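Trainee: Sharing a structure, written as structure tokens. Questions coming.
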Amino acid sequence: MKERLVLISAIILTLIVELTLIILVYNKVGAERLLPQITRLIVKLILVFWVLTGKSNTGLFLLAAYHIVSGLFGINSKSSTELLGQILIGFHFIIGAIIYFHDWIEDKIGIKNVG
């Protein structure tokens, strides 16, 4: 796990943001949007489990694609004109890129444990 510090950090950050959003939306609109948000969280947890336990990069690609697609869908949403909506769109694009290129990032900053 230590050699995947950037990936693990990005995953933890996304889970914290997702849980925070679920709580904030629930407090604002009630249980109306709870089912879709819980479904998104379950999908994300399945992908995270796949990334952390699998030997293939398919789960990694799907998790990065999930964030990129979420960012693209966010561009056309009603909240994309609000500051929080724009921040979340940028967050999804940046986290998607970090997840996909985590090996390169770890090599560049020198935290990759080789051997």
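Where a number appears in this text, it was derived from the coordinates with a stated rule and is not lab data. Bear in mind the structure is a predicted one, so any value in this text is a computation, not a measurement. Cβ sites come from the backbone with ideal geometry, for glycine too, and all protein chains shown count toward neighbours.
Trainee: If I filter segment 23-42 for residues that are among the charged types (D, E, K, R) and in contact (Cβ under 8 Å) with a residue 12 or more places away in the chain, do I get at least one hit?
Mentor: Looking through segment 23-42, at least one residue is among the charged types (D, E, K, R) and in contact (Cβ under 8 Å) with a residue 12 or more places away in the chain.
Trainee: Quick one: how many residues across segment 5-28 are closer than 18 Å to K44 by Cα and among the charged types (D, E, K, R)?
Mentor: Of the residues in segment 5-28, 1 are closer than 18 Å to K44 by Cα and among the charged types (D, E, K, R).
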